[in-house]
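Below is one structure; the comments refer to it alone.
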Amino acid sequence: MKKILLVLLTMVSICCLAQETEKYNLDFENHTVSESLADGWEKWGDYKLTIDSIAHSGKKSGKITSDTSGSSFGSIAYKIPANYSGKSIQLEGYMKIKNVEDGFAGLLLRVDGNGRALAFDNMQKQNITGTKEWQKYTITLDYPEDAENIFIAGILVGKGEAWFDGFVLSMDGKNVQTLKEVVKEVAKAKLDNEFDSGSLIQFSNLGKGDIENLELLGRVWGFLKYHHPEIAQGNYNWDYELFRFLPKYRETSNNNARDKVIINWINSLGEIKKCKKCKPTDENAFLKPDLTWINNQNKDLRNKLVAVYNNRSQGKHHYIAMMPNIGNPEFKNENSYSNSPYPDDGFRLLSLYRYWNMINYFFPYKHLMDEDWNTKLREYIPVFINAKDELEYELATIQIIGDIQDTHANLWGGADKIEEWKGENHAPVHLRFIENQLVVADYYKAELQNEAGLKIGDVITKINGNPIDKLVKEKSKYYPASNEPTRLRDISEDLLRSNANTVEIEFVSGNSGHQVKSLKLYPIDSLDMASWYRKNQGKAFKMVDHNIGYVTLENIKQEDISTIKSEFKNTKGIIIDIRNYPSTFVPFSLGSFFVSSPTAFVKFTNGNVDNPGEFTFTSNLEIPSEGQTYSGKLVVLVNELSQSQAEYTAMAFRAGDNTTIIGSTTAGADGNVSTIMLPGGLRTMISGIGVYYPNGGETQRIGIVPDIEVHPTIEGIKQGKDELLEKAIEIIRKE
């Protein structure tokens, strides 16, 4: 009897221990009957979420169901406090899907901090669709040191059903269910909340002298942010220190008094110890810090700023880091103040100061701008301060973003008023600029063709009585881009947007001359434009005429690559279409098929946290040779839709033994992106590393220059021709 009792007690003890170690309900088993979802899980998006008895293990799973297409989504999510330390975070889980189409299904892992997502992956690039039985999937991300919350989820976009079960979250390979939580030290900067409700700064009637003084303050504020050791250690909320200092600064009556109050401000930050690790700027640096403005100051202020520079922060920094193994800047601890979509005067000035200095010290392509960045701070001070409402603030922001001439740079989040301003309704036709004219290139929904009354190849000449060139000129400053073809690409998508239900257009169709009609517009969800841009859901490769292989990177998967190499090894030529954004990273895995020996194809410039403004070249990066080189001709197709990873991939293929690139100017925005958060909940990005050919040739703004330039024609569009593909076949046949 005693033995039986002992066994029972032991079993209870083990059971209790297991329950204690399972801190998080990641297998959906714990479920309060009165609730629709398992304990701890919450709904994101619009789709139907339920608990289901179809499970991979145990008795329950989470299920998402959708019977509608469109830009909406459904996600079943679980939040975990980021009370862990480590270098990498991994989510494993099982997923089963049924009839998923017009979108994708996947696991989702997101790490948040400082009011934004610091790391994110939802498996969209894997393009998982159709019907599949239970399979295990994995997401691995670098774990940000500023992490505050971890979100794990299952996600469904488009139609279909998806089940999720058996989630496991690990840090550096250790399950968080059993991992000891850590108490993170909170920087003093994060404890400062004095101006959470507003800056208390107001401006009126800015004169020339006021603007000059605010320009100097913006330079000093940004210089101290990235150089002063006390700020680097997180001992000051540098946003709020600006608001504390501004009233005193504005009271100064002359330049001497102004300089003195700045010097006293710097002194108040604490003693700066002599820097023993600070190195001079590398003589071979590609870009060097521009300290001309410091040398132009009066003696006392100049000496104080030079002393800060000579004894600047080294190593870990509260506000800036370089991404591991990549080298693009990570702008840390930048509060977006999203609770105030129209920030007050002080926060709008802060937005300008923050952005200008980020670009000044950490944008690798500052030297490629058409205009001198040094002039922009003064130019935009009155624009930001005088922005009278949320829309004007957003427009001011997108204008200065446009001045850096980087297609990666736009307002990617928070631009609600700009979206309203552009219009909530869209035309059912896809437009492109072809032969310098605005042309109907496709339909977002073929069934609307008759109602639209437009044919593919029709040329639109006026919208609501305004000539197209006039509209383009008016709108261009609100469409950031590296080059003009890419700007026209983006403008063309919006020219027929409106908050009205119709627009009047004048157009030319065939030989019918100019016609005028009222074109009906539709809400974006009814057109399913997101799915239209990912039309190719079939195989990523096929044989075309004359023993030629064709590969599109739009929906290529890693498992396709070995098959492509096997099936296409004896073809006369291969065409790789990168007029899209690659769904999988293939520069090395597929690029190695086309080189007979290791071949350099790229080098980068990286910034320097220890010496802001310095950029140095890395060594050349090579495409490895796999020993069995493709002997046929490779032709790569590019155009204005080829951007970022697509351009990088084209560079890799260009290194091949027998490669020809044909098409037209690409987007001219290469390199890993860095996110920038601005007051008002605005989110933008920059190309964060410089990408160059081994000989130093530029890719930013220029893009991938084709060996043979081929542009689509209006006549070709009318006839349904793919003129680039036809040219590629012709080149291979001649070979």
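Descriptive notes on the structure:
Yes/no per residue for (1) open to solvent by less than 30 Å² (accessible area, probe 1.4 Å); (2) closer than 30 Å to Tyr353 by Cβ:
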position: Ser631; (1), (2): no, no
position: Val638; (1), (2): yes, no
position: Leu641; (1), (2): no, no
position: Ala646; (1), (2): yes, no
position: Ile661; (1), (2): yes, no
position: Ala667; (1), (2): yes, yes
position: Ile689; (1), (2): yes, yes
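- Search result, residues across region 465-487 that are surrounded by 18 or more Cβ atoms within 10 Å (Cβ to Cβ) and either in a loop (DSSP other than H, G, I, E, B) or free of Cβ contacts under 8 Å to residues at least 60 places away in the same chain (or both): Ile468, Val472, Tyr479, Pro480, Ala481, Ser482, Asn483, Arg487
- Considering region 158-190, the residues that are touching a residue at least 40 places away in the same chain (Cβ under 8 Å) and within 30 Å of Glu241 (Cβ to Cβ) include one that is least open to solvent (accessible area, probe 1.4 Å), namely Ala189.
- Test for Thr502: is it farther than 17 Å from Asp525 by Cβ, open to solvent by less than 40 Å² (accessible area, probe 1.4 Å), among the hydroxyl-bearing types (Ser, Thr, Tyr) and at pLDDT 95 or above: no
- Those residues of region 711-729 which are assigned to a loop (DSSP other than H, G, I, E, B) and open to solvent by 60 Å² or more (accessible area, probe 1.4 Å), in sequence order: His711, Gln719, Gly720, Lys721
- Per-region count, region 611-623, residues open to solvent by less than 50 Å² (accessible area, probe 1.4 Å) and either in a loop (DSSP other than H, G, I, E, B) or closer than 14 Å to Arg654 by Cβ (or both): 6
- Subset of region 323-355 (residues that are among the aromatic types (Phe, Trp, Tyr) and either over 23 Å from Glu419 (Cβ atoms) or over 23 Å from the mean Cα position of the chain (by Cα) (or both)): Phe331, Tyr342, Phe347, Tyr353
- Which listed residue, of Val168, Val220, is of a type in the set (Val, Ile, Thr), in contact with an Asp or Glu (Cβ under 9 Å, 6 or more places away or on another chain) and either assigned to a helix (DSSP H, G or I) or modelled with pLDDT of 95 or more (or both): Val168
- Region 449-459, subset touching a residue at least 60 places away in the same chain (Cβ under 8 Å) and of a type outside the set (Gly, Ala, Ser), residue most open to solvent (accessible area, probe 1.4 Å): Lys455
- Residue match in region 526-533 (condition: of a type outside the set (Phe, Trp, Tyr), touching a Pro at 6+ places or on another chain (Cβ under 8 Å) and modelled with pLDDT under 95): yes
- Identity of the residue in region 401-440, in contact (Cβ under 8 Å) with a residue 24 or more places away in the chain, more than 25 Å from the chain's Cα centre (by Cα) and part of a loop (DSSP other than H, G, I, E, B), that ends up surrounded by the fewest Cβ atoms within 10 Å (Cβ to Cβ): Glu435
- Flag for Asn193 being over 30 Å from Ile381 (Cα atoms), polar (S, T, N, Q) and open to solvent by 10 Å² or more (accessible area, probe 1.4 Å): no
- When the criteria are applied in full, Lys462 meets the requirement of being at pLDDT 95 or above, touching a strand residue (DSSP E or B) at 6+ places or on another chain (Cβ under 9 Å) and surrounded by fewer than 23 Cβ atoms within 10 Å (Cβ to Cβ).
- Residue check, Ile128 within 28 Å of the chain's Cα centre (by Cα) and either among the small types (Gly, Ala, Ser) or not in a strand (DSSP E or B) (or both): yes
- Taking region 494-593 as the region of interest, the helices (runs of 4 or more DSSP H) fully inside it that hold 2 or more residues being closer than 30 Å to Ala427 by Cα are 524-527, 529-532.
- Options Tyr236, Tyr240; residue that is part of a loop (DSSP other than H, G, I, E, B) and either surrounded by 17 or more Cβ atoms within 10 Å (Cβ to Cβ) or modelled with pLDDT under 95 (or both): Tyr236
- Residue that is nearest to Met651 (Cα to Cα), among those in region 594-607 that are in contact with a Pro (Cβ under 9 Å, 6 or more places away or on another chain), open to solvent by 10 Å² or more (accessible area, probe 1.4 Å) and in a loop (DSSP other than H, G, I, E, B): Pro598
- Screening region 100-150 for residues that are surrounded by fewer than 19 Cβ atoms within 10 Å (Cβ to Cβ) and of a type in the set (Ser, Thr, Tyr) and picking the one that is farthest from Ile80 (Cα to Cα) gives Thr131.
- Extreme residue, farthest from the chain's Cα centre (by Cα), among residues of region 386-400 that are among the hydrophobic types (A, V, I, L, M, F, W, C) and open to solvent by 10 Å² or more (accessible area, probe 1.4 Å): Leu391
- With respect to the conditions (1) part of a loop (DSSP other than H, G, I, E, B); (2) loosely packed, with under 14 Cβ neighbours inside 10 Å, Gly209 lacks only one, and its number is (1).
The values are calculated or read from the model by the stated rules, or taken from the named source; none is laboratory data. Since we're looking at a predicted model, the values are computed, not measured. Using ideal geometry, Cβ is built from the backbone for each residue, glycine included, and neighbour counts are taken over all protein chains shown. Note: accessible area is taken over every heavy atom of the protein model, side chains too, but ligands, DNA and RNA are not part of it. Shrake-Rupley method; radii C 1.70, N 1.55, O 1.52, S 1.80 Å.
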